[in-house]
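Here's the structure, in C-alpha cells; my notes come after.
The values are calculated or read from the model by the stated rules, or taken from the named source; none is laboratory data. None of the values given here were measured: they were computed from a predicted structure. So basically every Cβ, Gly included, is an ideal-geometry build from the backbone, and we count neighbours across all protein chains shown. Heavy atoms of the whole protein, side chains included, go into the accessibility calculation; ligands, DNA and RNA do not. Shrake-Rupley method; radii C 1.70, N 1.55, O 1.52, S 1.80 Å.
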Amino acid sequence: MKISESAEMYLETILVLSKKGDVHAIDIVRAMNFSRPTVSVAIHNLEKENLVKISDEDHITLEPGGREIAEKIYERHTVLTSLLVKLGVSEKVAAEDACKIEHDISEETFDCIKRHIL
C-alpha cells in the first residue's frame, strides 16, 4: 500500500508517542506543530484507511497495517540518523535530514545501507 509522506509522518509520530503512553490528537498537534483541525482531518482519513483506530475515549492506536508502515518509517529514520552521525553530521542535523530521506529512499538502497552499517 502506497500512502503519502504526510500519512507516514502521522503514523510514525503515533508510534513514537505510543511508546510513552496513550495517544490523543492534542499529543500529535504538539509533536508535529500542526493545528488541531489539520490533525483531526488527517487522523480521520487514516481511520477511514483502517490504519488507525480512535476509541470512544479518543485514544488513537495503530491498526496492524498502520503499525507496519510506522515501524518501517521509524526504522529508516533511526538507521539513517545513525549513518549520518557516523559520517560526522551533528545529531540534530542528522535527525532532520533522515526525516527528509526516509520517505523517498528505495527499499533496495535502504537494505544496502542497512547491510553495510549493521
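Within the stretch 41-58, residues that are over 17 Å from V29 (Cβ atoms) reach partners that are surrounded by 13 or more Cβ atoms within 10 Å (Cβ to Cβ) and among the hydroxyl-bearing types (S, T, Y) with beta carbons closer than 8 Å, at six or more positions or on different chains, in the pairs K53/T61; S55/T61. Among residues of the stretch 62-82 that are at negative phi and of a type in the set (K, R), those with a beta-carbon under 8 Å from a residue that is surrounded by fewer than 20 Cβ atoms within 10 Å (Cβ to Cβ) and part of a helix (DSSP H, G or I) at least six positions away or on a different chain give the pairs R67/L15; R76/I101; R76/F110.
Which one is farthest from T13 (Cα to Cα) among residues in the stretch 42-60 that are open to solvent by less than 90 Å² (accessible area, probe 1.4 Å) and out of contact with any helix residue (DSSP H, G or I) (no Cβ under 9 Å at 6 or more places or on another chain)? Step through it out loud before you land on a result.
Pass one, the stretch 42-60, residues open to solvent by less than 90 Å² (accessible area, probe 1.4 Å): 42-47, 51-52, 54-55, 59-60.
Okay, now just the ones that are also out of contact with any helix residue (DSSP H, G or I) (no Cβ under 9 Å at 6 or more places or on another chain), so 44, 47, 55, 59.
Details: H44: 15, E47: 15, S55: 18, H59: 14 Å.
Going through the qualifying residues, I end up with S55.
If you check E102, E63 for being at pLDDT below 95, surrounded by 14 or more Cβ atoms within 10 Å (Cβ to Cβ) and within 16 Å of the chain's Cα centre (by Cα), only one passes: E102. Total residues in the stretch 70-99 satisfying the condition of being in a helix (DSSP H, G or I) and open to solvent by less than 80 Å² (accessible area, probe 1.4 Å): the figure is 20. Among the conditions (1) under 11 Å from the mean Cα position of the chain (by Cα); (2) within 15 Å of E63 (Cα to Cα), S6 misses just one, which is (2).
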